[in-house]
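J.: My questions all concern the structure below.
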Amino acid sequence: MSAPSSDAIFPVPASWQRRAWFDNAAYRRDYQRSMHDPQRFWAEQAEHLDWFHHPTRIRDVSYGPEDIHIRWFEDGVLNASVNCLDRHLLERARKAAIVWEGDDPAESRTLSYAELHAEVCRLANGLKSLGICKGDRVTVYLPMVPEAAVAMLACARIGAMHSVVFAGFSAESLAGRIRDCDAKLLITADEGMRGGRRFALKANADEALKRCPSVQACVVLRRTGGEVAWLDGRDRWYHELVDHQASNCEPETMNAEDPLFVLYTSGSTGKPKGVLHTTAGYLLAASLTHRYVLDYHDEDVFWCTADIGWVTGHSYIVYGPLANGATTVMFEGVPTWPDASRFWQVIDKHRVSIFYTAPTAIRALIRQGDAPVRATSRKSLRLLGSVGEPINPEAWLWYYNVVGEQRCPIVDTWWQTETGASVIAPLPGAIATKPGSATLPFFGVEPVIVDEDGRVLEGECEGRLCLRDGGPGMLRTLYRDHDRFVQTYFSACPGLYFTGDGARRDKDGYFWITGRVDDVINVSGHRLGTAEVESALVAHPEVAEAAVVGYPHPVKGQGIYAYVTLKANTQPSDELRNALGQWVRKEIGPIAAPDQIQWASSLPKTRSGKIMRRVLRKIAAGDTTDLGDTSTLADATMVESLIDGRRTIA
Ligand code: WT7
C-alpha cells in the first residue's frame, strides 16, 4: 500500500464500470446534455417521479442579477408521499421500507411499505382531525424513531409543510423555530434515548410552547414511558390520535412548486434561516442522487447515519430512499455505545450494503483503533459515503482500507441544506476518486470559483465556491424572508449563488472544498453561526462581550472557541467557565457549547468598532507567527495579551 497522500488517485474498479448506473463516458455525455439541453434532460429525469399531471414546463431559473427565481416542473402535479409509498405498493408492499435499530441493541423494528403507508395515512387523518390543512406548518421535534419519518410523510400527504427541529436543540431554539413559521401543531415525544440515557423532549416542548401562541395542539409520542406534564385541551397522545383512524387517506394534489418543508439552518448573522424546499424539484434531486451517487439498486440495504433533524436525514433517510423503493435503516443510537463496534455490528445485523456517514464519526472511531472494526464481518458492504464536512485524507484512507477493506468505493458528497441533495460528488462507476476531494458536479450543477472581487476564475484556481446552477434541488427562498434569501446567496457574486464555502479546483477539474469562508462553523458536521453562540453568551448576566470562532479540532473538524469579556465587577473562575458552558447548552443545545473559553479583558476591534475575527481565528488555532495586517486595530497591544491568554488554555 502506498503512503497516505492526497495526490493518490483511486481508479474506478472494472466491475464498477460495468454494474453502476454510469461509466465515465456516460457521465460525461449526460453531464453535457444536462448543461446544453436542460429542458430535454430534465423532462426525461422527471419521469422517475409519479405525477398526477406530468410537467410540460421544465425549467425556469434565473440567479439574477435582476430577477431571481427558481422554478422547476411548474405545471406538474404530484404528491411526495405517493411517490414514497403508494407507487411501491404493487410490487413492494411487503418489502421493508424502514428498518429501525434502537439505541438498545436488543430493540429493532421493521415497517414494510404497506405498513408504513397505513401508518402515514392514519397520522395524516389524525392531523386533519386536528384541523391541519394544506399550507399549514407542523413542527416535528422527535427522536430517531420511525414515527419521525411517518410525521414528515403524513404532512406531505395532506400538503402541510413540516419543519423538523433536531431533538438536541433546546426549548429556546425550538420556540424560535416554531414562532418563525407560526406552526399550528407540534409533534414530539415524552423523551428520547441515546447512548443508554434518556433525554427530555416534552419538558422542552412545554417550556417552548409557553411562548408559541400559534400552536393549537401538541401530539406526544410515547417513546420511553417517562413522566410528562400534561395540558388538557392542548396535548394529545399520538397513539390515541391515530388508533381509530382509517388506514387510507386521499393524498392532496400538490403543484410541483408547492412547499414541501422548511428546515432551519444557521447563517453567518442573526437567527437561523428557514430554508424552503418545494415538492418536485427537491424530491427528484434527492431520489436521483440517492440512486446515482450512492448507487442504489433494488437489492440494497441503505443506511444513512444522520439525524432526521438535519437535511441529510430528510434527503437520505426519508425522501431519497423511499422515493426509490429502498430499504432505509434508521438508527436511534450513537456509534460508540454499547461499544465502538456498534456501527459495524448494525451493518452485519441488517446486511447493510450502502453506508453513508460523517467524517467526525469516522475520526472518533479511528481513535478506538482497528480492532472494533475487525471484530465484525462487514461483508455486505459495497459502497461507503461521506457527508457534512471536509474529509481529511487520513480519515478517507482509514474508511477505505479498514472499514471497506479496499473493496468499497468512497463517495465524498458535498452539498448543503440549501442545495437539498448532493451537488458535487463522484458517481462511483464513472469517476476516479482522490482522498479529500468531492470530485465533480452532478447533472445540472455548474460550480464556479470566484475571487474576492467576485471575478470568475478559470482552470486550476482557489477561491469562493459559487453555483451558476444548482439543479432542481435548490432552495426556493427563505421562509417569509425573500429579501434575506436574495441578500445572503445572490449579492456576493451577481448572477451566481454563493455557497459560503471556499474551494480549490485542480488540474483535472476536481473540486476540493476548503471549508466555510463566512462566520458559519461546522462542528461535528453540525452547522452553527458564530453569531448565535455569541448572542447566547452575552445573554448571560455576567458577560459583557463575546466573540466566537472555529478552530481545528482533531475529532469534530472544528471546535468552538469563545473569547469572553466579563462585566466590570465579575471575577473569572472555572465555576463561571462551566456555568457559561451550561448556559449555552440551555440556550441553544449541547452541540453549541464552547470547547474552549478564554477570558479577554477586551476584544481586538478596528477603529470603526468591528471585531477583527481573522486575528481571533489565528490565535485560537495557535498559529500566531503571521497575524497579518493589524494596523487598523484601535489598540494593537491587546493582541499580545490575547496570545498570552491562549497559552493558559490548552
Ligand atoms: C456545509 C453545509 C451536506 C448536508 C449536511 C450539512 C460543509 C458538507 C461537505 C463535504 C466538505 C462539506 C460545507 C457546507 N460540507 N458536505 N463533503 N466536504 N464540506 O449541511 O448543515 O447545510 O452544512 O457543510 O461547509 O457549506 P449543512
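The values are calculated or read from the model by the stated rules, or taken from the named source; none is laboratory data. Remember, it's a predicted structure, so these values are computed and weren't measured experimentally. Cβ sites come from the backbone with ideal geometry, for glycine too, and all protein chains shown count toward neighbours. The accessibility values were calculated without ligands, DNA or RNA, using every heavy atom of the protein model including side chains. Shrake-Rupley method; radii C 1.70, N 1.55, O 1.52, S 1.80 Å.
J.: On full extension of the chain, what length is gained from residue 486 through residue 62, given 0.36 nm per residue of separation minus the C-alpha to C-alpha distance? Could you put the intermediate results ahead of the total?
T.: Numbers: separation 424, 0.36 × 424 = 152.64 nm, distance 1.18 nm.
That works out to 151.5 nm of additional length.
J.: So which of 349/379; 507/618; 128/273; 586/618; 210/271; 95/349 end up more than 22 Å apart, counting from Cα to Cα? Mind dumping the intermediate values first?
T.: Values: 349/379 11 Å; 507/618 30 Å; 128/273 28 Å; 586/618 29 Å; 210/271 20 Å; 95/349 17 Å.
The answer is 507/618; 128/273; 586/618.
J.: Taking Rh as the Kirkwood radius, which is the inverse of the mean 1/r over Cα pairs, what is the Rg/Rh value for the chain?
T.: Details: Rg = 24.2 Å, Rh = 25.4 Å.
Across the chain, the Cα-based Rg/Rh ratio is 0.95.
J.: Ok, one more. How large is ³J(HN,Hα), in whole Hz, for each residue of region 553-562 in order, when computed from phi with the Karplus curve 6.51 cos²θ - 1.76 cosθ + 1.60 and θ = phi - 60°, using x for Gly and Pro?
T.: In residue order, the calculated couplings are 10, x, 9, 7, x, 10, x, 9, 10, 10 Hz.
J.: Do any cysteines in the chain lack another Cys Cβ under 4.7 Å, and if so which?
T.: Result for the chain is 84, 133, 155, 181, 212, 218, 304, 408, 461, 466, 493, no neighbouring Cys Cβ within the cutoff.
J.: Under 5 Å between amide H atoms, partner at least 5 residues away or on a different chain: which partners does residue 386 have, H built in plane at 1.01 Å?
T.: For residue 386, the qualifying residues are 357, 411, 412, 413.
J.: What is the magnitude of the charge dipole of region 343-489 about its Cα centre, with +1 placed on the Cβ of each Lys and Arg, -1 on the Cβ of each Asp and Glu, and no other charges, expressed in debye to the nearest 20? Before the final figure, lay out the partial values.
T.: Numbers: 16 positive and 17 negative charges, 202 e Å.
It comes to approximately 980 debye.
J.: Can you show me the helix-derived [θ] at 222 nm for the chain, built from DSSP H runs with n ≥ 4 at -39,500 (n - 2.57) apiece and divided by the number of residues, rounded to the nearest 500. Mind showing how you got there, number by number?
T.: Working: 21 runs with 186 residues, N = 650.
Estimated from H runs of four or more residues: -8000 deg cm²/dmol.
J.: Just the number, please: carbon plus sulfur as a percent of the accessible area of region 276-421, 1.4 Å probe, no ligands or DNA/RNA counted.
T.: Details: 1820 of 3490 Å².
C and S fraction of accessible area: 52 percent.
J.: Among 533, 510, 548, whose Cα lies farthest out toward the positive end of the dipole of region 489-580, if unit charges sit on the beta carbon of Lys, Arg (+1) and Asp, Glu (-1)?
T.: 510
J.: If you don't mind, there's one more thing I want to ask. Sequence-distant or interchain residues sharing an amide H contact under 5 Å with residue 479, placed H: which?
T.: Counting only residues 5 or more places away or on other chains, the set is 274, 275, 276.
J.: Considering only protein heavy atoms, with the full assembly of protein chains and a 1.4 angstrom probe, order 54, 117, 162 by accessible area, largest first.
T.: Numbers: 54 85, 117 25, 162 0 Å².
Ranking 54, 117, 162 by accessible area, largest first, yields 54, 117, 162.
J.: Probe radius 1.4 Å, ligands and nucleic acids ignored: give me the carbon and sulfur share of the accessible area of region 120-240 as a rounded percent. Please report the intermediate quantities before stating the final value.
T.: On the way: 1780 of 3960 Å².
That share works out to 45 percent.
J.: Take the solvent-accessible surface of the protein heavy atoms, probe 1.4 Å, and return the percent of it on region 59-111 that carbon and sulfur atoms account for.
T.: Working: 1020 of 2280 Å².
Its accessible area is 45 percent carbon and sulfur atoms.
J.: Out of the DSSP beta bridges found with both residues in the chain, what percent are antiparallel (nearest 5)?
T.: Working: 65 of 105 bridges.
Beta bridges within the chain, antiparallel portion: roughly 60 percent.
J.: Once you sort the root eigenvalues of the Cα gyration tensor of region 192-247 as a ≥ b ≥ c, which label holds: rounded (a/c under 1.5), prolate (a/b larger than b/c) or oblate (the other case)?
T.: Details: a/c = 2.26, a/b = 1.09, b/c = 2.07.
Oblate.
J.: Placing +1 at every Lys and Arg Cβ and -1 at every Asp and Glu Cβ, with all other atoms neutral, what dipole size does the chain have around its Cα centre, in debye to the nearest 20? Working shown, then result.
T.: Numbers: 71 positive and 81 negative charges, 114 e Å.
Using only the charged Cβ atoms, the result is roughly 540 debye.
J.: In addition: Given a 1.4 angstrom probe, what's the average accessible area per residue across region 459-576, in square angstrom?
T.: Per-residue value: 38 Å².
J.: Divide, for region 497-650, the radius of gyration over alpha carbons by 2.2 N^0.38 Å, where N is the residue count.
T.: Working: Rg = 16.2 Å, N = 154, 2.2 N^0.38 = 14.9 Å.
Computed over Cα atoms of region 497-650, the ratio equals 1.09.
J.: For residue 540, tell me the accessible area in Å² from a 1.4 Å probe, rounded to the nearest 10.
T.: Ignoring ligands and nucleic acids, residue 540 comes out at about 20 Å².
J.: Same structure, new question: On each of the three principal axes of the Cα atoms of region 1-123, give max minus min coordinate, whole Å, ordered largest first.
T.: 54, 46, 31
J.: Okay, moving on. How much accessible area per residue does region 179-297 have, counting only protein heavy atoms and a probe of 1.4 Å, in square angstrom? Mind showing how you got there, number by number?
T.: Working: 4570 Å² over 119 residues.
Solvent-accessible surface per residue comes out at 38 Å².
J.: Which order do the peptides 343-353, 562-572 come out in when sorted by mean C-beta neighbours inside 10 angstrom, highest first? Let's see the in-between values first.
T.: Values: 343-353: 20.3, 562-572: 16.2.
Top of the packing list down: 343-353, 562-572.
J.: Here's something else I'd like to know. Figure the gain on full extension for residue 458 and residue 244 (residue separation times 0.36 nm, minus the Cα-Cα span) and round it to one decimal in nm. Present the calculation step by step, with values, prior to reporting the outcome.
T.: On the way: separation 214, 0.36 × 214 = 77.04 nm, distance 6.21 nm.
Using 0.36 nm per residue and subtracting the Cα-Cα distance, I get 70.8 nm.
J.: Still on this structure, I have one more. Take region 124-266, compute every pairwise Cα distance, and split them into 10 Å bins from 0; I just need the percent in each bin.
T.: Going from the shortest bin to the longest, the percentages are 12, 45, 34, 8, 0.
J.: Sort 599, 398, 230 by heavy-atom solvent-accessible area, probe 1.4 angstrom, most to least. Please list the in-between numbers first.
T.: Details: 599 60, 398 25, 230 90 Å².
From most accessible down to least: 230, 599, 398.
J.: Show 607, 94, 236, 40 ordered by accessible area, largest first, where the area counts protein heavy atoms only and the probe is 1.4 Å. Could you put the intermediate results ahead of the total?
T.: Details: 607 170, 94 225, 236 90, 40 145 Å².
The most accessible residue leads, giving 94, 607, 40, 236.
J.: Another question, if that's okay. In square angstrom, rounded to the nearest 10, how much accessible surface does residue 403 have for a 1.4 Å probe?
T.: Spelled out: residue 403, probe radius 1.4 Å, area about 0 Å².
J.: So, one more: Could you give the dipole magnitude of region 518-650 about its Cα centre, charging the beta-carbon of Lys and Arg +1 and that of Asp and Glu -1, in debye to the nearest 20? Let's see the in-between values first.
T.: Values: 15 positive and 16 negative charges, 31 e Å.
The dipole magnitude comes to about 160 debye.
J.: What span do the alpha-carbon atoms of region 433-531 cover on each of the three principal axes, reported in whole Å from largest to smallest?
T.: That works out to 41, 31, 28 Å along the principal axes.
J.: Stretched out fully, how many nm does the piece from residue 602 to residue 95 gain, at 0.36 nm a residue minus the Cα gap? Intermediate values should be presented prior to the final figure.
T.: Details: separation 507, 0.36 × 507 = 182.52 nm, distance 6.18 nm.
Gain on stretching residue 602 to residue 95: 176.3 nm.
J.: A follow-up question, please. Go through 97, 82, 447 and say which Cα lies farthest out towards the positive end of the charge dipole of the chain; charges sit on Cβ, +1 for Lys and Arg, -1 for Asp and Glu.
T.: 97
J.: Each residue of region 379-387 in order: what ³J(HN,Hα) in whole Hz does its phi give by Karplus 6.51 cos²θ - 1.76 cosθ + 1.60, θ = phi - 60°, with x for Gly and Pro?
T.: Taking θ as phi minus 60°, the curve returns 6, 6, 5, 9, 8, 10, x, 9, 7 Hz for region 379-387.
J.: Another question, if that's okay. Give the aspartates and glutamates reachable from residue 605 as a straight Cα distance under 20 Å; neighbours fewer than 8 places away on the same chain don't count.
T.: Of all the aspartates and glutamates, those that pass the test against residue 605 - Cα under 20 Å, at least 8 places apart if same chain - are 518, 519, 532, 534, 545, 623, 626, 629, 635, 640, 644.
J.: Let me ask something else. Restricting to DSSP loop positions (anything but H, G, I, E, B) with no more than 10 other Cβ atoms inside 10 Å of their own Cβ, which trypsin sites (Lys or Arg not before Pro) remain in region 164-221? Before the final figure, lay out the partial values.
T.: On the way: sites: 177, 179, 184, 194, 197, 198, 202, 210, 211; in loops: 184, 210, 211.
Answer by residue number: 210.
J.: Simple spin-label model, 7 Å along Cα-to-Cβ: residue 432 to residue 134 in nm?
T.: Calculated label separation equals 5.2 nm.
J.: Place a point 7 Å from the Cα of residue 32 along the Cα-to-Cβ direction; which residues of region 508-529 have their backbone N under 19 Å from it?
T.: Residues 508-510 fall inside that zone.
J.: Now for a separate question. Given R₀ = 56 Å, FRET efficiency for residue 542-residue 14 by Cβ-Cβ distance, to 0.05? Present the calculation step by step, with values, prior to reporting the outcome.
T.: Working: r = 64 Å, r/R0 = 1.15.
FRET efficiency, residue 542 to residue 14: 0.30.
J.: Taking R0 as 35 Å, what FRET efficiency do you get between residue 535 and residue 44 from their Cβ-Cβ distance, rounded to the nearest 0.05?
T.: Working: r = 48 Å, r/R0 = 1.36.
Efficiency at R0 = 35 Å is approximately 0.15.
J.: Still on this structure, please answer the following. May I ask which residue of 361, 341, 391 lies farthest towards the positive end of the charge dipole of region 341-404, with charges of +1 (Lys, Arg) and -1 (Asp, Glu) on Cβ and the Cα centre as origin?
T.: Projecting each Cα onto the dipole axis, the largest value belongs to 341.
J.: Tell me the per residue accessible area of region 581-628 using a 1.4 Å probe; a whole number in Å² is fine. Each step should come with its number before you reach the end.
T.: Working: 2430 Å² over 48 residues.
In whole numbers, region 581-628 has 51 Å² accessible per residue.
J.: Just add up the charged neighbours of residue 249: K/R +1, D/E -1, any other residue whose Cβ is under 10 Å from the Cβ of residue 249.
T.: Values: positive: 122, 128, 157; negative: 250, 252.
Around residue 249, the charge tally is +1.
J.: How long are the semi-axes of the ellipsoid equivalent to region 350-487, from square roots of 5 times the Cα gyration tensor eigenvalues, in whole Å, largest first?
T.: Working: eigenvalues 211, 58, 42 Å².
That gives 32, 17, 14 Å for the three semi-axes.
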